[in-house]
Amino acid sequence: MLSTSDLACARGDRRLFSGLAFTLAPGGRLHVGGENGAGKTSLLRMLCGLSPPDAGEICWQGTPIGRLGDEYRQAVLYLGHHNALKDDLTALENLRTAAALAGVRVGDDAGVDLLRRAGLAGREDLPVRILSQGQKRRAALAHLLWSKAPLWILDEPFVALDAAAVNWLAGIIGRHVAEGGLAVLTSHQEVVIPGGVPQTLVLSQ
């Protein structure tokens with residue numbers, strides 16, 4: 001279970017949000033909405049433990065995440081605006097490296113299969129730098145297929161995807177929450193995600 005209480009964030013003299021509180025139980029997904037600059041990415045980075053809140057508390061399983069350290073980091077998969085791929089590595093090398101850093105072993109054959117499922121068949125051994133933006137996004141999203149993390153935090157995951165890939169990703173997220181996972185995401189696109197218990201949080205400036 002992920003919960004926040006009285007959460008606040010400021011940038012310089014500007015308060016982005018305050019008094020923010022929600023609880024997300026297994027099988028739940030939270031869509032964070034709001035205009036550009038409202039603090040959506042800032043909130044997601046706080047939930048990942050990458051940025052401290054200016055006030056309030058974030059808890060995982062009832063314990064503040066600051067006390068959990070690696071235990072919490074292993075429970076979270078974060079996909080940000082940037083794909084976090086190494087341009088000089090192939091899609092397969094990127095996938096296997098990310099998995100290894102998370103303590104998950106993915107062999108070559110399994111990695112090729114995961115990338116095929118992500119729509120990159122025939123492009124597994126190409127350097128990421130020559131892939132299109134949509135293909136790079138697919139390579140990053142393939143990480144969802146090997147992740148064992150119960151909590152997914154996804155910042156604009158549908159960016160640069162065509163209609164077929166949007167439907168594929170919506171299904172992946174839907175299956176994750178249907179199996180008891182949790183998902184927090186932002187998206188400017190109207191996407192129907194099946195399954196789970198949906199919640200919406202709109203940040204206003």
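Take residue 147 and decide whether it is under 24 Å from residue 192 (Cβ atoms) and open to solvent by less than 60 Å² (accessible area, probe 1.4 Å). Before the answer, list the steps.
Details: under 24 Å from residue 192 (Cβ atoms): yes; open to solvent by less than 60 Å² (accessible area, probe 1.4 Å): yes.
When the stated conditions are applied, residue 147 passes them.
So which residues in the range 47-60 are aliphatic (A, V, I, L, M) and in contact (Cβ under 8 Å) with a residue 60 or more places away in the chain?
Initial filter on the range 47-60 (aliphatic (A, V, I, L, M)): 47, 50, 55, 58.
47 - this is the single residue of the range 47-60 that is aliphatic (A, V, I, L, M) and in contact (Cβ under 8 Å) with a residue 60 or more places away in the chain.
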Fill in: Single residue of the range 160-197 satisfying the filter (in contact with a Pro (Cβ under 6 Å, 6 or more places away or on another chain) and assigned to a loop (DSSP other than H, G, I, E, B)) that is surrounded by the fewest Cβ atoms within 10 Å (Cβ to Cβ)
180
Practice prompt. Evaluate the following for residue 49: is it within 23 Å of residue 163 (Cα to Cα) and crowded, with 17+ Cβ neighbours inside 10 Å?
Written response: no
Response to the item:
In the range 6-43, anything out of contact with any Leu (no Cβ under 8 Å at 6 or more places or on another chain) and either without any contact (Cβ under 8 Å) to a residue 12 or more places away in the chain or under 19 Å from residue 76 (Cα atoms) (or both) is listed as 12, 13, 14, 15, 36, 41
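Given the structure, is residue 200 under 20 Å from residue 21 (Cα atoms) and either of a type in the set (Gly, Ala, Ser) or open to solvent by less than 60 Å² (accessible area, probe 1.4 Å) (or both)? Let's see the steps before the verdict.
Details: under 20 Å from residue 21 (Cα atoms): yes; either of a type in the set (Gly, Ala, Ser) or open to solvent by less than 60 Å² (accessible area, probe 1.4 Å) (or both): no.
Spelling it out, it is not the case that residue 200 is under 20 Å from residue 21 (Cα atoms) and either of a type in the set (Gly, Ala, Ser) or open to solvent by less than 60 Å² (accessible area, probe 1.4 Å) (or both).
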Item to complete: May I ask you to list the residues in the range 1-46 that are of a type in the set (Val, Ile, Thr) and open to solvent by less than 20 Å² (accessible area, probe 1.4 Å)?
Response: 4, 32
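The values are calculated or read from the model by the stated rules, or taken from the named source; none is laboratory data. For clarity, every value in this text was computed on a predicted model and none was experimentally measured. Glycine gets a Cβ as well: all are built from the backbone with ideal geometry, and neighbour counts include every protein chain shown. Ligands, DNA and RNA are excluded from the accessible area calculation, which covers all protein heavy atoms including side chains. Shrake-Rupley method; radii C 1.70, N 1.55, O 1.52, S 1.80 Å.
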